[in-house]
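Trainee: After the C-alpha cells below, expect a handful of questions from me.
The values are calculated or read from the model by the stated rules, or taken from the named source; none is laboratory data. Small disclaimer: the values here were computed from a predicted structure and weren't measured. Note: accessible area is taken over every heavy atom of the protein model, side chains too, but ligands, DNA and RNA are not part of it. Shrake-Rupley method; radii C 1.70, N 1.55, O 1.52, S 1.80 Å.
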Amino acid sequence: MVKYCKNCGKELEDDSLFCKECGKKSGGLSSSAKVDNNSSNNPFDRYNVDMISGEKVIRSSQIHIGCLYLPLLLIVMGLMFGFINAMSISYSYGYSATPIFFYNPLFLIGLVWLLVRFIGYTNNDLILTNKRVFGKCGLISTTQMQSPLKKIDSVSFKSGLFGKLIGYGTVEIATTSSHFKFRFIKEGQTFYNDIFNQLELSDEEKRIEDAKAIADAISQN
C-alpha cells in the first residue's frame, strides 16, 4: 500500500524510516487517507479558506452516517405503534384510521430528531493539516474553529459502545482560548491519532528552531 509523509505529503518507500524530501520520521498515511491539495477535492475549497504557504492536508473527516440510525429507529417504532393503533381502531369502530400513523408521538419526535441530525451530518467537518486544525459544525447556529497546531493544548477522543461498533466518536480539542467538541466523527480514533502525531511533529520542529536560534545567537557573539 502506498504511503505518504505526514509532514510534506510526499510518497514514501515501503521500508523508509524517514522522508527523503523533508527528513522527518515517516509515520506515513495510506493512500486512502491522503488528500490531493491541488485537486478539486481540496476540503478547504467549500469554505473559501485559503491554504497557508507550505500547508498540506493530512486528513479530512465528516461525521458518520451512523448518527442517523437512532432517529430512524424511532421513526420505524413510531410507524409500527401507529399501525397497531390504527388497526385496533379500525377493528373496534369499523373505520379506517390510517392517518394516525403520522400523528404518533414517537414518529414525530423521530422525524424532528432525524432532521436535526441530517443538518448536522451535512454541515459538519474537521480538517487536519501539517500547520493547523480547522473545524465547522451547525447550519443555523454555526461553530467554526481554526487553530494553529502550536496553540492546541490538548486533544482527546471519546466513543460509546455503539460508536465503537460502527466506527465513530467525539473528538475534543482544547486550545489556549476555547474548547471544541466534534461529535460522530467518522474514524474518530484515527483522526485523534493523526492530530496527536502532528502535535508531536510540531513540537519537534519548534525545538529544532529554538536550538538553531540559540546556536545562531552564540555564533554571533
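Trainee: Taking 30 Å as the cut-off for C-alpha to C-alpha distance, list the pairs among LYS131/LYS212; LYS56/LYS212; LYS158/LYS212; LYS136/LYS212; LYS131/LYS181 that go past it.
Mentor: From LYS131/LYS212; LYS56/LYS212; LYS158/LYS212; LYS136/LYS212; LYS131/LYS181, over 30 Å: LYS158/LYS212; LYS136/LYS212.
Trainee: Could you give the length gained on full extension between THR176 and SER219, defined as 0.36 nm per residue of separation minus the Cα-Cα distance, in nm?
Mentor: 12.0 nm
Trainee: Something else now. Would segment 101-187 count as rounded, prolate or oblate if I go by the C-alpha gyration tensor, calling it rounded below 1.5 in a/c and otherwise prolate when a/b exceeds b/c, oblate otherwise?
Mentor: prolate
Trainee: Can you give me the solvent accessible area of LYS131 with a 1.4 Å probe, rounded to the nearest 10 Å²?
Mentor: Its accessible surface works out to 80 Å², give or take rounding.
Trainee: Let me ask something else about it. Please work out how much length the chain gains when fully extended from LEU73 to ASP45, using 0.36 nm per residue of separation minus the C-alpha to C-alpha distance, in nm with one decimal.
Mentor: My answer for the length gained is 6.6 nm.
Trainee: Continuing with this model, one more query. Could you pull out every residue, at least 5 positions away or on a different chain, whose amide H is within less than 5 Å of the one on ARG132? Hs are placed 1.01 Å off N in the peptide plane, and Pro or chain starts have none.
Mentor: Amide H to amide H, under 5 Å and 5 or more residues apart or across chains, ARG132 pairs with LEU149.
Trainee: Pull out the extension gain between ASP203 and GLU55, defined as 0.36 nm times the separation in residues minus the alpha carbon to alpha carbon distance; nm, one decimal.
Mentor: 51.6 nm
Trainee: Please work out the average accessible area per residue across segment 134-221, using the 1.4 Å probe convention, and give it in Å².
Mentor: 63 Å²
Trainee: Right, another one. Out of the total accessible area of segment 97-204 (probe 1.4 Å, heavy atoms of protein only), what percent is carbon and sulfur?
Mentor: Within segment 97-204, the accessible surface is 59 percent carbon and sulfur.
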